[in-house]
Amino acid sequence: MNRLWQKLALNFVAVAIAVTIVALLAVNLSYESRFKSYVKERQAINNHRIIQTITNIYEVHGSWSEELTDLLPQLGVMSGVSLKVLDLDRNIVAETSSEIESMMMGENAKVAGETAVIPIVNGADRVGDVYITPLGDIYGVPGEDIRFRESINRLLLLGGGLAAIVGLLLSYFISTRMTSPLERMTEAAKKIEAGDYSERVEVTSKDEIGDLAYAFNHLAVTLERQEDLRRNLTADISHELRTPLASIRSHVEAYIDGVMEPTTENIRSIHEETMRLSRLVEDLGELARLESDKVNIVKTKIDLNEVAGKVVFNLKPLFEEKDVKIELSKVSEPLYVKADADKIYQILFNLLHNALKFTSLGGKAEVRLEKNGKNALVYIEDNGIGIDLEEHSSIFERFYRVEKSRNRSSGGAGIGLTVVKELVDIHKGKISVDSELGKGTEFKIVMPLFT
Ligand code: ADP
């Protein structure tokens with residue numbers, strides 16, 4: 001019973017059987033109770049008529065007479081009962097005979113109920129008793145009625161059987177309709193497992209299966225992107241490692257071979273390369289740390305003006321070194337948010353450091369704070385090289401770097417903005433970018449104010 005259609009079929013058949021049983025019970029029970037009362041009523045009328053007739057005969061003669069002996073068998077057969085009349089001394093006055101009964105009534109001559117004993121009264125005096133025993137089929141019901149009930153039962157059973165067969169067919173068709181998209185998804189999942197991330201399934205309905213197909217495709221897109229990122233990461237890391245390592249190696253080999261003198265100038269070049277390597281390793285470490293840090297966030301009431309001031313103050317020397325102007329415009333009142341001060345520092349540091357990296361000599365950058373209703377807004381703006389619109393949605397992705405070549409000199413591994421985005425998310429904030437190639441970039445962070 002591993003196939004869906006078998007399970008469905010089992011349910012359908014079970015329902016058909018249950019409905020048939022209930023219908024059989026309902027029909028037979030109500031039929032039986034109605035018949036019982038009908039039979040009782042009929043017997044009461046019958047008995048009344050019999051007593052009336054016997055009393056009349058007694059009245060006419062003033063005593064028990066031969067006429068009753070002659071008439072009783074006829075009366076019995078006509079009424080479908082066996083009769084016996086006793087006088088007050090318990091002597092049998094007249095009775096019906098079983099031979100005549102079986103001759104006249106055949107199959108229906110058998111006893112079909114309890115004997116009723118009813119007194120015969122003449123005027124005010126009891127003159128004897130009549131014993132009335134119903135004959136016939138069960139309850140004295142003629143066979144016709146019982147056969148009718150049996151035919152209804154047969155019809156119900158037939159209906160139940162037909163319902164079960166229709167249920168079987170239906171379950172087969174319904175389940176094949178339901179499972180064919182699922183089978184296609186299984187096939188697609190196998191292909192994806194084998195490494196073909198471009199596989200998608202067609203979304204053909206708007207029901208739960210359609211939702212599943214949609215979610216499946218979404219998952220496939222995410223996996224494909226992750227796979228691309230992973231590939232890029234490996235390529236990036238190996239490239240980033242290869243260049244400084246090759247440079248260091250060639251320098252060291254030149255010293256060993258005596259081709260080059262290990263002067264301070266030459267050793268400084270090795271130092272720069274090792275610094276690049278350290279930065280890359282640090283970036284990777286930063287990313288790994290972020291994953292574990294997510295659970296180690298200590299949120300307190302902090303003033304964004306203060307944190308922004310600290311970041312700008314600490315980065316100022318680097319900006320001055322590159323001759324890029326840096327400005328900070330605070331809000332006059334404290335801008336309180338519930339956040340981890342170190343993490344907010346890191347967010348602003350990364351964004352401002354990028355602004356510096358991607359702005360050329362003589363440019364300018366600005367950190368601007370604003371209050372808007374229940375939110376604090378932080379803008380980090382520069383008039384640097386900008387980012388193409390197409391890249392806006394990707395820059396927050398892990399290891400994503402715009403035009404790889406342009407960044408090699410700046411040494412980034414495409415991790416800074418990923419860290420920023422994750423940290424903003426942890427603080428229930430939102431970050432967006434507005435940038436135009438050649439004109440500059442503006443990052444906007446919205447965070448709920450402390451209430
Ligand atoms: P990286 O460590 O390489 O700087 P980030 O995640 O910080 O990586 O940034 C991703 C990419 O977004 C960078 O490669 C860069 O091209 C682009 N970028 C980020 N900030 C700016 C900015 N202020 N101006 C122009 N480009 C930017």
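Taking amide H atoms as placed 1.01 Å from N in the peptide plane, the amide H of residue 205 lies under 5 Å from those of 210, each 5 or more residues away in sequence or on another chain.
Straightening the chain between residue 370 and residue 231 buys 46.0 nm, computed as 0.36 nm per residue apart minus the Cα-Cα spacing.
Given +1 at the Cβ of Lys and Arg, -1 at the Cβ of Asp and Glu and no other charges, the dipole of the chain around its Cα centre is 1360 debye to the nearest 20. Quick one: work out the % antiparallel among DSSP beta bridges in the chain, nearest 5. So the antiparallel bridges amount to about 90 percent of the total.
At a 10 Å Cβ-Cβ cut-off, how would you order 243, 418, fewest neighbours first?
Sorted ascending by nearby Cβ count, the order is 243, 418.
Calculated FRET efficiency, residue 60 to residue 89, Cβ-Cβ distance, R0 = 22 Å: about 0.50 to the nearest 0.05.
Measuring r between the beta carbons of residue 149 and residue 182 and using R0 = 45 Å, the FRET efficiency lands at 0.40. Each residue, residue 313 and residue 224, gets one label point 7 Å from its Cα in the Cβ direction; the gap between the two is 5.1 nm. For the residue pairs 301/322; 330/428; 343/444; 371/428, the C-alpha atoms sit more than 26 angstrom apart in 301/322.
For region 7-151, what is the charge dipole size about the Cα centre, in debye to the nearest 20, if Lys and Arg each add +1 at the Cβ and Asp and Glu each add -1 at the Cβ? Around 980 debye, computed over region 7-151. Under 19 Å of direct C-alpha separation, and excluding same-chain neighbours fewer than eight residues apart, residue 439 reaches these aspartates and glutamates: 323, 327, 366, 381, 382, 388, 390, 391, 403.
Can you give the helix-only mean residue ellipticity at 222 nm for the chain, where every DSSP H stretch with n ≥ 4 adds -39500 (n - 2.57) and the sum goes over all residues, rounded to the nearest 500 deg cm²/dmol?
-20500 deg cm²/dmol
The alpha-carbon of residue 338 sits under 20 angstrom from the alpha-carbons of these aspartates and glutamates, leaving out residues fewer than 8 places away in its chain: 293, 303, 306, 370, 422, 425. Dividing the C-alpha radius of gyration of region 244-291 by 2.2 N^0.38 Å, with N its residue count, gives 1.48. Could you state the angle between the C-alpha long axis of helix 304-321 and the longest principal axis of the C-alpha atoms of the chain, as a value from 0 to 90 degrees rounded to the nearest 10? On a 0 to 90 degree scale, this one is about 40.
Taking Cα atoms of region 283-358, Rg/Rh with Kirkwood Rh, to two decimals?
We get a ratio of 1.02 for region 283-358.
How far, in nm, would the chain grow between residue 208 and residue 299 when pulled straight, counting 0.36 nm per residue and subtracting the alpha carbon separation?
Details: separation 91, 0.36 × 91 = 32.76 nm, distance 4.03 nm.
Using 0.36 nm per residue and subtracting the Cα-Cα distance, I get 28.7 nm.
Placing unit charges on each Cβ (+1 for Lys and Arg, -1 for Asp and Glu) gives the chain a dipole about its Cα centre, and among 314, 131, 331 the Cα reaching farthest toward its positive end belongs to 314.
Straight-line reach from residue 191: which aspartates and glutamates have a Cα under 12 Å away, not including same-chain ones fewer than 8 places off? Candidates past the 8-residue exclusion: 199.
Restricting attention to region 4-157, the count of lysine pairs at 8 or more positions apart or across chains with alpha carbons under 25 Å apart stands at 5.
Note on the chain: dipole from Cβ charges, positive end direction compared against 359, 20, 450; the farthest Cα belongs to 359.
No value in this document is a laboratory result; all are computed from the given coordinates. All values reported here derive from a predicted model rather than from experimental measurement. As a convention, Cβ positions derive from the backbone with ideal geometry for all residues, glycine included, and neighbour counts pool all protein chains shown.
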